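Following this message is one structure expressed as structure tokens.
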Amino acid sequence: MNTLNGHWQDGKSSTRIPARLIGWPYLNRIQIIGADVTRDYPLDVVRVSARIGNIPRRLEMPDGACFETLDNAAVDALFQQQGKQQRLAHSLESYWGWALGALLVTVAGLWVGVALGIPYLAERVAYAIPTEVDAGMGEQSLQALDTLAFKPSQLPAKQQARGQKLFKAMARARGSAWNFAPWVMESPMRSLCRPALSSPPTN
């Protein structure tokens, strides 16, 4: 808080009255207190005259009123602190801009990683798995399905044979290198043709 003693003019008459100016530069606020007068203003709308020797300084308000004081040092300190506050606010605004930009870059990077990186890595890992390991994993999965979801089919043998034939034809049409030995199994939902996988044929 800064306190300056001086004189006040309301801008409507030439009458000067003793008054005191109290400033809170970090709140951007000043208050004028005198006989029958109390005024509040934002500090950043006050115009201050230049310092020339010991000439009284004028602090001009936006409504035409003014405050005069001989305390040049206090005036300089008041507006110097206000300038520091403005620079601090500007710095914070700049940092917020950088922080927001960094956040957007981070979010974009995460999206690219999830949308493109994970599928790419999954494909690379899948192709890197040896054929024997892949076949073993598939067989274990089928055994788990047999235990949890499937049971021997009750379809007539002719329908089972037809299903096996159709499945083998579909596998050949898709150019699969695997040998399929499909079994027709029964599930709680519907009859399914369960393929048993073995390693690709060797020449």
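Fewest Cβ neighbours within 10 Å first, please rank Glu60, Glu132, Glu68 accordingly.
Exposure proxy ranking, most exposed first: Glu132, Glu60, Glu68.
Can you spot the aspartates and glutamates whose alpha carbon is less than 17 Å from Lys158's alpha carbon? Ignore those fewer than 8 places along the same chain.
Within the straight-line limit of under 17 Å, Lys158 reaches these aspartates and glutamates: Glu186.
Using each residue's phi in region 151-161, evaluate 6.51 cos²θ - 1.76 cosθ + 1.60 at θ = phi - 60° and report the 3J(HN,Hα) Karplus result to the nearest Hz, with x for Gly and Pro.
Rounded to whole hertz, the list is 8, x, 6, 9, 5, x, 4, 5, 5, 5, 5.
HN-Hα J couplings of region 3-8 from phi, Karplus 6.51/-1.76/1.60, θ = phi - 60°, integer Hz, Gly and Pro as x?
10, 10, 9, x, 10, 10
Show me the ranking of peptides 152-161, 40-49 by mean Cβ neighbours inside 10 Å, starting with the highest. It would help to have the intermediate numbers written out before the result.
Numbers: 152-161: 12.1, 40-49: 14.8.
In decreasing order of mean packing, 152-161, 40-49 become 40-49, 152-161.
None of the figures in this text is laboratory data; all of them are computed from the coordinates on show. Keep in mind the model is a prediction, meaning the values are calculated, not measured. Heads up, the Cβs are rebuilt from the backbone with ideal geometry, glycines too, and the neighbour counts pull from every protein chain shown.
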